[in-house]
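First comes the structure, then the notes that go with it.
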Amino acid sequence: MENKKLAIFDLDGTLMDAYKAIRDTMNYCREKLGYPPVSLEKIKRIVGRGDVDLASKLVSQKDIEMLISLYRKNHIRFLDGNIKLMDGAEELLKYLKEQNLSIAVATNRARFSVSPVIEKLNINIYFDIIYTRDDVEKPKPDPEMIFKAMDFFKVGQEKVFFVGDMDIDYLTGKNAGVDTYIVLTGSSPKEELERYSDIKIFDNLIVLKKYLTNL
């Protein structure tokens, strides 16, 4: 890994599991709008493109704006007890720092919820810069976040790798022309990911760390 200088990570499904917090917030808001609850499995399958996209999949067109407003007002209070780090997440982040890599976040989450989440999980100390849905004109799978991070650290594509959990993360990395690793701890099942012939898939971050130490 001597030639790598920058590691970029997705958050949800990659470094952390916040699906219960998202589900509970959405179900609270949906109840306020007269909708029945949705399952954890459904939430897990449709997250990843930001809360606006998520809201559009959970209520009728006329209620999207209200759902987004309610969600953003209430999401933080549903975090306690409903979020956790993925196995091996902190160990991997610590290892990368020990290797003198810079670490960035590229997430389609809205910025209002990113700092509270990573601070509760005590991983904010590892990140040098964070890019959210609010910081770009085009969210993932557009490579804008990756390019912003590369520009910030003044590194070329060959010095970067990106880690995510979904097909849109794979496409983001591919569109940016950087090495991309996908872990099976998030929203995209293995069979969905394997349709991409050149994808690099890992069961979890523990396995990924072992791979990276041998580069």
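The values are calculated or read from the model by the stated rules, or taken from the named source; none is laboratory data. Remember, it's a predicted structure, so these values are computed and weren't measured experimentally. No Cβ is skipped: glycine too gets one built from the backbone with ideal geometry, and neighbour counts run over all protein chains shown. Ligands, DNA and RNA are stripped out before the accessible areas are found, and what is left, the full protein with its side chains, is counted by its heavy atoms. Shrake-Rupley method; radii C 1.70, N 1.55, O 1.52, S 1.80 Å.
Observations on the model:
- Cβ-Cβ under 6 Å pairs, at least 6 apart or on other chains, the stretch 145-174 side farther than 14 Å from residue 11 by Cα, far side open to solvent by 50 Å² or more (accessible area, probe 1.4 Å) and in a loop (DSSP other than H, G, I, E, B): 155/5; 159/5
- Options 4, 44, 20: the member that is in contact (Cβ under 8 Å) with a residue 40 or more places away in the chain, surrounded by 15 or more Cβ atoms within 10 Å (Cβ to Cβ) and part of a loop (DSSP other than H, G, I, E, B): 4
- In the set (1) at pLDDT below 95; (2) touching a Lys or Arg at 6+ places or on another chain (Cβ under 9 Å), the condition left unmet by residue 2 is number (2).
- Considering residues of the stretch 23-39 that are over 28 Å from residue 145 (Cα atoms) and among the hydrophobic types (A, V, I, L, M, F, W, C) only, the residue most open to solvent (accessible area, probe 1.4 Å): 33
- Enumeration of residues in the stretch 152-181 that are open to solvent by less than 50 Å² (accessible area, probe 1.4 Å) and assigned to a loop (DSSP other than H, G, I, E, B): 155, 156, 165, 166, 177, 178
- The combined condition, being in a loop (DSSP other than H, G, I, E, B) and open to solvent by less than 70 Å² (accessible area, probe 1.4 Å), is fulfilled by residue 58.
- Subset of the stretch 23-41 [in contact (Cβ under 8 Å) with a residue 24 or more places away in the chain and either of a type in the set (Val, Ile, Thr) or under 30 Å from residue 160 (Cβ atoms) (or both)]: 25
- Tally, over the stretch 53-82, of residues that are in contact (Cβ under 8 Å) with a residue 24 or more places away in the chain and closer than 24 Å to residue 120 by Cα: 11
- Members of the stretch 119-143 found to be open to solvent by 40 Å² or more (accessible area, probe 1.4 Å) and within 14 Å of residue 172 (Cα to Cα), listed by number: 133, 138, 142
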